[in-house]
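The values are calculated or read from the model by the stated rules, or taken from the named source; none is laboratory data. Here the structure is a predicted model, which is why all the values come from computation and not from measurement. Counting neighbours? That spans all protein chains shown, and the Cβs are built from the backbone with ideal geometry, glycine included.
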Amino acid sequence: MLDTMLIASQLMNGLVLGFLYVLIAVGMSIIFGMLGLVNFAHGAFFALGAYFALSLSPYLGFAGALVAAPLLVGLIGLIVERTLLRPLYDKEPLLGLVLTFGLALFIQELIRTIWGSMGHPFDTPSMFSGFLQMGPVFVTQYRLAVLVITIVILIAVWVFLEKTPYGRIVRAGSRDPDMVSMLGINLKRVFTFIFGLGCLLAGAAGVLAAPLWSVVPTMAEQAIMPAFVVVVIGGLGSLRGAVVAGLMVGIAVAMTIQFWSVASSSVMYVLMIIVLLLFPRGLFGERWERFE
Amino acid sequence: MLQKKVMSGTAGLSRRSVLKAGAAGLITGVAGAVPFARTALAAEPIKIGVLLSKSGTYAVQGEQGYNGAAIAAADVGEVLGRPVQLVWLDENGPQTTQQNMMRLIQQEKVVAVQGGISSGDILAIMPVAEREKILLMATGPNATEITGAKCGRYTFRVDTPNYATTRSVYPELAKNGKNWYFLYASYAWGIDGFNQMSGLLKDDGGKVVGADQTPLGTTDYSSFILKLVASKPDAVFLGLGGSDLTNFLKQFHQMGLTGKIPISALSCNDTDLWSAGTESATGIYPKIWNYTGSQNTEISKAFVKSYQAKHGTPPEAEAWQDWFGTTAILTAIKETNSTDSSKLVEFLEGHKFDGYKAGSMHFRPWDHQLIQPTLVAKVKEKITDKYDYFDIVSEVPGKGQTLDDLFGSQSESECKMPTSL
């Protein structure tokens, strides 16, 4: 017998899970859209966010850590872009990939060295402990908080990219870097900033995931795959695509768990295959001259 | 082929080529997380290969296990006048582990291999051990068939089979009622454990009110927990380990269920609970070993002491298992005065290990299972120490029970041990 209440509850849960995926993926999507770089270290920056929050929250509280930890991760992103990535832009695109892949391993070992390989407890912040039950819908307060914070972050990123002069430069630069440079705009600095922003978002996702997932050095591996899948389904570089794809993946996972649990981790790949067959650029991927 | 295409497309930045390279990179990234080998310093050491996770769900146990093995090797120092050296490669999925096993044998020339947390990985390398005629000390896997239907002459198993762990904890968990929900990892260990435990439950008149398989490495259990609650079970029995168990317990706690629905699992590593934290930790578990409790012997206590001195944390069960595994291999080398695996196998089949646990331990010659007393342990109501999470509920086999009751007798076993070496 189909329990409609349970299905409604699963749908809601999938939606919330989807927003977590969106948050993990959005930084990766922005970096790809603007820099044309698949950032394999995205998961590592995600893990760094969680570990910084682990060390900072005793002093700043969870809310303080939620602000400070992503900023620190973003700062590291700025440094990485300036020192390691910038020399590679006009070279073989594979180099950037290899570099970020190496960086991911390096950061993971660094975390192991500093914080140890054993998992660290990270309790739910006390202000969000508890859960809500409204009719069929059962959500923990913390997941609801993740949902709200993610939406706020997404709106902020959207407003920045679409409504500010700086955002306009970023978008123009991603389409036609040569022309923007000729107009006298220092595009290198823009790229540095965008990479830092992407890392900051990865860090924020890491902080929010810390009370939900195990805080272990290998948590990077658990974030990178969903992020990559969401970005590909949504269309590389599309903010709107990342949101839609993240929610799709979340709901697909929740529904698969309800009806065919053993396939719950492969369903996102099946979804990716189907979407790519129908829309080779992903759902909202546009044709960009620069990438063709 | 993918890479070749990328290399040839040098003009400009092609979105498609970046994507393809990305996919290729992900595949290699998942397949092998850069294993490293310790370089040899002394001339002609006796090398023992270690296959334990360095990445993925079981990475934390992997390190604990290696640390345990390293303490055993350091304590012995040298055998047959040669220094002992461990070579640790990653145990990261059946295929990678098989390749690493071959590398240990062919390149590193190890005399024996030990380790294995995932039953799937051990089942993949057991045929290699048979073919290459090299001793395999399986320290951490629990699937029953390793010393059952798929047993091998060169493989010995330290950890307890699901057959034993389920029987040890069943009576305690059944006190809560007999409508159970099962959630277990969808590979050899979890599936075998589900079959064992649901069999016990049904034979006792109980009912499986829900059962779900989850892929290894699942991060989000919220949807499973919704299903679990809807099935209104008296108890939940898990076949999850490593960070999977940690994730489950954290999310179970967030939904306000800790202490409301009793939890048990096929096995339990202290590290999984340490990373879940004092608030989320809950349950009653079968445990092969615990670092506290009056059941510990002098040798065991000395091991705890040296582990704590070296690593700052107490050893968990996995550390003990690998410490004992290395100890058993080195004892065999010393006593037989040989590094020939066939001689080591014959020695291990007949030797009694005394002093490591309360009561003598031995590998049964007909299935190579380490026969030993084990524990049922419960997470304390109020945890005050950062690491001391457990109260020992009982030692098994209890009064009136025999070791055969726990591990199964020869007539029940599906193992047909090869006679030739």
Selection status of B:A302, aliphatic (A, V, I, L, M) and farther than 30 Å from B:S243 by Cβ = yes
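Here's the yes/no breakdown for (1) facing chain B (nearest Cβ under 10 Å); (2) surrounded by 22 or more Cβ atoms within 10 Å (Cβ to Cβ); (3) assigned to a helix (DSSP H, G or I); (4) under 17 Å from the mean Cα position of the chain (by Cα):
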{"position": "A:M12", "(1), (2), (3), (4)": "yes, no, yes, no"}
{"position": "A:L20", "(1), (2), (3), (4)": "yes, yes, yes, yes"}
{"position": "A:I24", "(1), (2), (3), (4)": "no, yes, yes, yes"}
{"position": "A:F32", "(1), (2), (3), (4)": "yes, yes, yes, yes"}
{"position": "A:V38", "(1), (2), (3), (4)": "yes, yes, no, yes"}
{"position": "A:V67", "(1), (2), (3), (4)": "no, no, yes, yes"}
{"position": "A:V73", "(1), (2), (3), (4)": "no, yes, yes, yes"}
{"position": "A:T83", "(1), (2), (3), (4)": "no, no, yes, no"}
{"position": "A:V98", "(1), (2), (3), (4)": "yes, no, yes, no"}
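Looking only at segment A:257-288, count every residue that is assigned to a loop (DSSP other than H, G, I, E, B) and within 26 Å of A:S174 (Cα to Cα) and tell me the total. Even if it seems obvious, please write down each step before you answer.
Initially, segment A:257-288 is screened for residues assigned to a loop (DSSP other than H, G, I, E, B), giving A:264-266, A:279-288.
With the extra rule that they be within 26 Å of A:S174 (Cα to Cα), the set shrinks to A:279-288.
Within segment A:257-288, residues that are assigned to a loop (DSSP other than H, G, I, E, B) and within 26 Å of A:S174 (Cα to Cα) number 10.
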Do we find a residue being in a loop (DSSP other than H, G, I, E, B) and either touching a Gly at 6+ places or on another chain (Cβ under 6 Å) or within 30 Å of B:L421 (Cβ to Cβ) (or both) anywhere in segment B:189-212?
-> no
Residue count, segment A:196-228 (criterion: away from chain B (no Cβ under 14 Å) and closer than 30 Å to A:V253 by Cα) = 9
Of residues in segment B:163-187 being aliphatic (A, V, I, L, M) and within 14 Å of chain A (Cβ to nearest Cβ), the one surrounded by the fewest Cβ atoms within 10 Å (Cβ to Cβ) | B:L183
State all residues of segment B:246-263 that are within 11 Å of another protein chain (Cβ to nearest Cβ), surrounded by fewer than 22 Cβ atoms within 10 Å (Cβ to Cβ) and free of Cβ contacts under 8 Å to residues at least 24 places away in the same chain; if no residue qualifies, say none.
-> B:G256
Specify the residue that is surrounded by the fewest Cβ atoms within 10 Å (Cβ to Cβ); the eligible residues are those in segment B:212-232 that are at the interface with chain A (Cβ under 8 Å from one of its Cβ atoms) and within 22 Å of the chain's Cα centre (by Cα).
-> B:P215
When B:R16 is evaluated against the numbered criteria (1) at pLDDT 95 or above; (2) part of a helix (DSSP H, G or I), which criterion, by number, is the only one it fails?
-> (1)
Flag if A:P121 is within 14 Å of chain B (Cβ to nearest Cβ), under 29 Å from A:S57 (Cα atoms) and under 22 Å from the mean Cα position of the chain (by Cα) | no
Tally time: how many residues in segment B:124-145 are touching a residue at least 12 places away in the same chain (Cβ under 8 Å) and more than 17 Å from B:L370 (Cα to Cα)?
-> 9
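Listed here are the residues, each with its yes/no results for (1) within 14 Å of chain A (Cβ to nearest Cβ); (2) touching a Gly at 6+ places or on another chain (Cβ under 7 Å).
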{"residue": "B:G65", "(1), (2)": "yes, yes"}
{"residue": "B:A69", "(1), (2)": "no, yes"}
{"residue": "B:V79", "(1), (2)": "no, no"}
{"residue": "B:Q98", "(1), (2)": "no, no"}
{"residue": "B:R103", "(1), (2)": "no, no"}
Can you confirm whether segment A:240-256 contains a residue that is crowded, with 23+ Cβ neighbours inside 10 Å, at the interface with another protein chain (Cβ under 8 Å from one of its Cβ atoms), in contact with a Leu (Cβ under 9 Å, 6 or more places away or on another chain) and assigned to a helix (DSSP H, G or I)?
-> yes
Qualifying residue in segment B:219-235 (condition: part of a strand (DSSP E or B) and of a type in the set (A, V, I, L, M)) | yes
Looking only at segment A:146-163, decide whether some residue is within 14 Å of chain B (Cβ to nearest Cβ) and not acidic (D, E).
-> yes
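Hey, any hits in segment B:301-315 for a residue that's surrounded by 24 or more Cβ atoms within 10 Å (Cβ to Cβ) and either within 14 Å of another protein chain (Cβ to nearest Cβ) or not aliphatic (A, V, I, L, M) (or both)? Can you show your working first?
Keep residues of segment B:301-315 that are surrounded by 24 or more Cβ atoms within 10 Å (Cβ to Cβ), which gives B:303, B:315.
Of the ones still in play, those that are also either within 14 Å of another protein chain (Cβ to nearest Cβ) or not aliphatic (A, V, I, L, M) (or both) are B:303, B:315.
The answer is yes; a qualifying residue exists.
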Look at B:Y181 and say whether it is closer than 30 Å to A:Q222 by Cα, in contact with a Pro (Cβ under 6 Å, 6 or more places away or on another chain) and at pLDDT 90 or above.
-> yes
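Please go through segment B:188-207 and pick out each residue that is farther than 26 Å from A:V267 by Cα, of a type in the set (A, V, I, L, M, F, W, C) and touching a strand residue (DSSP E or B) at 6+ places or on another chain (Cβ under 9 Å). Steps first, please.
Here is the first cut: in segment B:188-207, the ones farther than 26 Å from A:V267 by Cα are B:196-207.
Checking which are of a type in the set (A, V, I, L, M, F, W, C) leaves us with B:197, B:200-201.
Of everything in segment B:188-207, those that are farther than 26 Å from A:V267 by Cα, of a type in the set (A, V, I, L, M, F, W, C) and touching a strand residue (DSSP E or B) at 6+ places or on another chain (Cβ under 9 Å) turn out to be B:M197, B:L201.
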